[in-house]
Ligand code: TMP
Ligand code: ZN
């Protein structure tokens, strides 16, 4: 892929993170030899301003029947989606006698369960069979499939058009955005809304949170690029609402063009993005330099601790950590293991870096000297429950927005 996925303009990467494995490809020792790698290199489209990775693995390698990511494993995310549902109920569904909502990439049903519980007609679409099964088990009506115009037609025939279509941390995963936009256009009522949220490019640039860049995140959205990408399909950006999730996300609200007036928040955001330079190559040159500094600083800390014979473990075997581990060259010599609460990851090794993933009890029962906080996007939740680690003298290594050690 050398042309923009949105407007076909030729792309030049502004940096490369080098060869990367599948971010969620936790593996056993026997699988090391056959591990798949691709080059992770992001680019800014000069025309439509979409930031995207150039090469992407085949989706079947990433989303399959043993995809190890369950959103409900985070208590804060569960709360976040409850509030998201309540907002939609209040703002978008109160006028409709028999509303119908659809979620693209519904994961384990963490958002839709709030509609299912209220007896609201709903449908989840989830390509990973194991998480879709978890959703169905909760009473969330879910089909295992990828969303496109064909599926949209089928849903309209069976359930009618939707009042709201939602997606959380999903749109940025879909390389063929056009097919989704066409499907949304077909499935959405004329007075309906399409609401999605994803990690926000403005935060990524500001905080040097380069770990948001990995195989699944084919796009790093901002207001400018979202507006450009959807307007050719008759969808207009009418509101934007910043979110604290995933270290800084943006919720985008779109509606059929001309059906509603855009809120002032949209123009305000676009102006702020122009000021931040999200539409200019110089910004990404600086971003690359910031990534290189972050890598140097983190390795310096880890090498120093290794020399001093300190025990260091990782906290949270996140998808994002795959970029950090492989870009920085972090090895099991630096980090003994990574503690993670997801049973599917435990007993396996991290992609590329092959650091063992162990159950949380391994952290809790024998505290290390230092914990490298890979799950920094859950920092508030984690700090709340790990007071004892700090009290015992344990220290945290953070790398966003800069590398530092804290108590
Ligand atoms: P995420 O950053 O992509 O949401 O993934 C979070 C990962 O971190 C997931 O594998 C679960 C793990 N985790 C813990 O091990 N302990 C925690 O307290 C939290 C919040 C997450
Ligand atoms: Zn483009």
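No lab work stands behind these numbers, since they all come straight from the coordinates. Quick caveat: nothing in here was measured; it's all calculated off a predicted structure. Here Cβ is always computed from backbone atoms with ideal geometry, including for glycine, and neighbour counts include all displayed protein chains.
One table, with the values for the structure above:
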quantity: Which of 39, 30 has the fewest Cβ neighbours within 10 Å, and the rest in rising order; calculated: 30, 39
quantity: Gain on full stretching of the segment that runs from residue 379 to residue 275 - 0.36 nm per residue minus C-alpha separation; calculated: 34.5 nm
quantity: Per residue convex hull volume, Cα atoms of segment 71-279, in Å³; calculated: 116
quantity: Segment 213-358, relative contact order in percent, only Cα pairs under 8 angstrom and at least six apart counted; calculated: 16
quantity: Modelled FRET efficiency - R0 56 Å, residue 145 with residue 307, Cβ distances, 0.05 increments; calculated: 0.60
quantity: Distance from segment 214-285 to segment 25-56 (C-alpha centre basis), Å; calculated: 23
quantity: Which of 36, 370, 200 has the fewest Cβ neighbours within 10 Å, and the rest in rising order; calculated: 36, 370, 200
quantity: Inter-site label distance for residue 190 and residue 60 at 7 Å from Cα along Cβ, in nm; calculated: 4.2
quantity: Expected 222 nm ellipticity per residue - DSSP helices of 4 or more, -39500 (n - 2.57), all of the chain, to 500; calculated: -9500 deg cm²/dmol
quantity: Relative exposure of 173, 354, 122, judged by other C-beta atoms within 10 Å (fewest first); calculated: 354, 173, 122
quantity: Label-point gap, in nm, between residue 292 and residue 39 - each point 7 angstrom along Cα→Cβ; calculated: 1.8
quantity: On Cα atoms only, tilt of 177-187 relative to the major axis of the chain in degrees; calculated: 40
quantity: DSSP-defined antiparallel bridges as percent of all bridges, segment 71-279, nearest 5; calculated: 45
quantity: For segment 339-374 and segment 162-176, distance of Cα centres in Å; calculated: 31
quantity: DSSP-defined beta bridges in the chain - what % are antiparallel, rounded to 5; calculated: 50
quantity: Residues in segment 82-115 reached by a label modelled at residue 137 [backbone nitrogen below 13 Å; 7 Å Cα→Cβ]; calculated: 108-109
